[in-house]
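The values are calculated or read from the model by the stated rules, or taken from the named source; none is laboratory data. This is a predicted model, so every value here is computed, not measured. Note: ideal-geometry Cβ built from the backbone for every residue, glycine included; neighbour counts use all protein chains shown.
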Amino acid sequence: MSAPAWLVAAQARADVPPLHERAPLDIGGAVCGSIEPALAERLAEAGLPLCRSAGGWRIEAPASASLASIAEWLHRNGFAGRWRDELLAVVDNAGRVLADVERAVVRALGIATVAVHLVGVTGDGRVWVQRRALDKATDPGLWDTLMGGQVAAGETVETSLRRETMEEAGLDIGTLRDLRQTASLTVRRPVAEGYMVETIAVFVAIVGDGVEPRNLDGEVETFACLDRAELRERLAAGRFTLEATLILGRWLEQRDRG
């Protein structure tokens, strides 16, 4: 069975090269991101701790402190997303942690991030989804998986899963049944703030009968429990985030295959 047109389109949108030239960004010779050369020039001219390297641009030591000052400049000059006061890990291509950085600037610096999502399924096969709050910085008002969030600096995927599930859905993962991790996916695409490179760890679990999620952090407008037909209808209509479309589309394909 071939994938539906809406899922094929989403898969294409999730693998798009940068719209503009970007140069490698490194820490101590280990590539950790990318940056538009014109923006790098402005940072260097402003006296920020960024210098040319053989292959692109290098963040000077100490890396975390340098990234903090770069982040502040990007924020002041309109190159950052909404300021979060949240630190994310900066890793090299081998996954080695090199530093941490304010979440608001990871796209401007092309820094790879890790997110975690939870597909919550009822015993009869319906799916719990959330509508993102209307004041969210990204994709306000669109529908999403039961839970989706960034893995913060110093966290493992598992600790982030536990924290985000409680904050966004008011659920202790210890009360969910048959929790399992499925294949991850990676999204590479241009976004308003720069370039997004994100690996998403995907979990699936059964939400027990009579259990209803409730938001605790103000980032969710409402929840809904959809059967597969209604879920497909909303996905096809473009009412979900790109990431949720990919995750739930893959889940539906797996269910259809039995």
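Every residue in segment 46-70 that is within 21 Å of Glu21 (Cα to Cα) and among the charged types (D, E, K, R), please.
Across segment 46-70, the qualifying residues are Arg52, Arg58.
What is the one condition in (1) within 30 Å of Gln254 (Cα to Cα); (2) exposed (fewer than 15 other Cβ atoms within 10 Å of the Cβ) that Arg76 does not satisfy?
Going through the list (1) within 30 Å of Gln254 (Cα to Cα); (2) exposed (fewer than 15 other Cβ atoms within 10 Å of the Cβ), Arg76 breaks only (1).
Hey, Arg82 hits all of (1) surrounded by fewer than 16 Cβ atoms within 10 Å (Cβ to Cβ); (2) more than 16 Å from the chain's Cα centre (by Cα) but one; which does it fall short on?
Arg82 satisfies all of (1) surrounded by fewer than 16 Cβ atoms within 10 Å (Cβ to Cβ); (2) more than 16 Å from the chain's Cα centre (by Cα) except (2).
Name the one entry in Ile35, Ile27, Ile59 that is surrounded by 15 or more Cβ atoms within 10 Å (Cβ to Cβ), touching a Gly at 6+ places or on another chain (Cβ under 7 Å) and either aromatic (Phe, Trp, Tyr) or in the same structural domain as Ala99 (by TED's automatic domain parsing) (or both).
That would be Ile35, the only listed residue that is surrounded by 15 or more Cβ atoms within 10 Å (Cβ to Cβ), touching a Gly at 6+ places or on another chain (Cβ under 7 Å) and either aromatic (Phe, Trp, Tyr) or in the same structural domain as Ala99 (by TED's automatic domain parsing) (or both).
Say we look at segment 80-95 and pick out the residues that are in contact with a Cys (Cβ under 9 Å, 6 or more places away or on another chain) and farther than 15 Å from Gly154 by Cα; which of these is modelled with the lowest pLDDT?
Asn93
Just for segment 144-170: of the residues that are of a type in the set (Asp, Glu) and part of a helix (DSSP H, G or I), which one is surrounded by the most Cβ atoms within 10 Å (Cβ to Cβ)?
To start, the set of residues in segment 144-170 that are of a type in the set (Asp, Glu) comprises 144, 155, 158, 164, 167-168.
Retained after the next criterion (residues that are part of a helix (DSSP H, G or I)): 158, 164, 167-168.
Details: Glu158: 14, Glu164: 24, Glu167: 17, Glu168: 26.
Ranking the qualifying residues of segment 144-170, first place goes to Glu168.
From Val90, Val101, grab the single residue that is surrounded by 17 or more Cβ atoms within 10 Å (Cβ to Cβ), part of a strand (DSSP E or B), without any contact (Cβ under 8 Å) to a residue 60 or more places away in the chain and outside the structural domain of Val204 (by TED's automatic domain parsing).
From the options Val90, Val101, the qualifying one is Val101.
Of the conditions (1) outside any loop (DSSP other than H, G, I, E, B); (2) out of contact with any Gly (no Cβ under 6 Å at 6 or more places or on another chain), Asp85 clears all except one; give me its number.
(1)
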